[in-house]
Every structure is written in structure tokens, then in C-alpha cells.
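Engineer: Could you have a look at this structure, given as C-alpha cells, before my questions?
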């Protein structure tokens with residue numbers, strides 16, 4: 001580990017890899033119908049939750065913390081249907097590969113630097129954006145796990 005890469009960054013990547021693994025496990029073996037199933041009113045399908053989680057991770061880490069635009073359209077995430085598990089796994093791996101490649105550009109001083117404001121978003125620091133990405137991702141992991149349980153225990 002170089003002086004520019006303190007322990008924070010390898011540990012951050014480890015937490016992100018763990019999230020990726022848990023998200024992958026949460027959809028493993030599910031049929032297409034399970035991914036598009038909506039458990040009830042005002043609830044999201046697994047496909048929507050996954051699309052939003054993946055989009056959010058890429059946005060907060062890539063767009064905000066690293067300054068690498070993804071051209072994310074958040075609203076489209078909530079219209080996701082018809083994608084199979086392999087496509088979501090590919091997208092998860094794509095985000096993880098992006099972070100592995102680009103995270104080494106950051107150092108501890110960068111964590112305190114403000115990121116440019118965007119419409120509808122308060123200014124945040126690089127460190128806040130990185131931590132928020134994990135926090136938000138793990139929150140939705142819980143939603144995904146519960147939605148899978150609901151699918152597995154639904155009435156026939």
C-alpha cells in the first residue's frame with residue numbers, strides 16, 4: 001500500500017465487494033417472474049430495486065466522488081422490467097470494475113473536498129458521497145432480501 005492509498009480505500013473496496021456479493025446472492029436462482037413481481041401497492045419489484053441500487057452506486061461513487069459522469073436517468077430505474085438475473089449481475093460487476101479501476105485516484109485529502117453542486121442536490125464532500133453510496137446500497141440490499149422472502153412465501 002502506498003502512502004497515497006491509506007487503509008480507508010482498501011477497506012472501502014472490501015465493503016463494496018461484500019455488497020456486490022450479497023446482492024448477487026439475493027437474486028441467485030430466481031426466475032424472471034420473481035424479478036418483475038411487485039409485492040403490493042406502493043412497493044417496488046426486485047428489478048426496480050436492483051436497477052436503482054446499481055444506478056445509485058455508480059452515481060454517488062462515479063459521478064459525484066470521482067467526477068466521472070454516467071449519464072444516469074434515475075426515473076428510468078423505477079420503470080425497469082424484463083431484465084434477467086444475469087444482466088443485473090453483469091451491471092453489478094461493471095460498477096465494481098469501474099470502482100476498482102478509478103478509486104486509486106483518490107487520496108485522504110480528496111475526501112474532504114466539496115463536489116460541485118447539481119440541480120436538486122446539496123453540495124457534499126467526496127467522502128460523504130462514498131459513504132452514502134455504501135449506506136444507500138446496504139439499505140436497498142435489505143429491501144431486496146425482504147422482497148425475495150415475500151416472493152418465496154407468497155400465496156400460490
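Engineer: Right, residue 97: surrounded by 14 or more Cβ atoms within 10 Å (Cβ to Cβ) and at pLDDT 95 or above or not?
Structural biologist: Spelling it out, it is not the case that residue 97 is surrounded by 14 or more Cβ atoms within 10 Å (Cβ to Cβ) and at pLDDT 95 or above.
Engineer: Which of the residues that make up the range 109-137 are part of a helix (DSSP H, G or I), farther than 14 Å from residue 68 by Cα and touching a helix residue (DSSP H, G or I) at 6+ places or on another chain (Cβ under 7 Å)?
Structural biologist: Matches in the range 109-137: 110, 111, 127, 132, 133, 134, 136, 137.
Engineer: Evaluate the range 32-48: report whether one residue or more is over 13 Å from residue 147 (Cα atoms), in contact with a helix residue (DSSP H, G or I) (Cβ under 7 Å, 6 or more places away or on another chain) and not in a loop (DSSP other than H, G, I, E, B).
Structural biologist: No, the conditions are met nowhere in the range 32-48.
Engineer: Any residue in the range 49-67 that is exposed (fewer than 14 other Cβ atoms within 10 Å of the Cβ) and either in contact with a helix residue (DSSP H, G or I) (Cβ under 8 Å, 6 or more places away or on another chain) or under 19 Å from residue 125 (Cβ atoms) (or both)?
Structural biologist: The answer is yes, given that some residue of the range 49-67 is exposed (fewer than 14 other Cβ atoms within 10 Å of the Cβ) and either in contact with a helix residue (DSSP H, G or I) (Cβ under 8 Å, 6 or more places away or on another chain) or under 19 Å from residue 125 (Cβ atoms) (or both).
Engineer: Same structure, new question: When only residues in the range 102-156 that are without any contact (Cβ under 8 Å) to a residue 12 or more places away in the chain and closer than 21 Å to residue 17 by Cα count, which is surrounded by the most Cβ atoms within 10 Å (Cβ to Cβ)?
Structural biologist: Filtering the range 102-156 for residues that are without any contact (Cβ under 8 Å) to a residue 12 or more places away in the chain and closer than 21 Å to residue 17 by Cα, the one surrounded by the most Cβ atoms within 10 Å (Cβ to Cβ) comes out as 128.
Engineer: Which one is surrounded by the fewest Cβ atoms within 10 Å (Cβ to Cβ) among residues in the range 81-93 that are touching a residue at least 12 places away in the same chain (Cβ under 8 Å) and within 15 Å of the chain's Cα centre (by Cα)?
Structural biologist: Only one residue fits best here, namely 93.
The values are calculated or read from the model by the stated rules, or taken from the named source; none is laboratory data. Here the structure is a predicted model, which means the values were calculated and not measured. Every residue, glycine among them, receives a Cβ derived from its backbone with ideal geometry; neighbour counts consider all protein chains shown.
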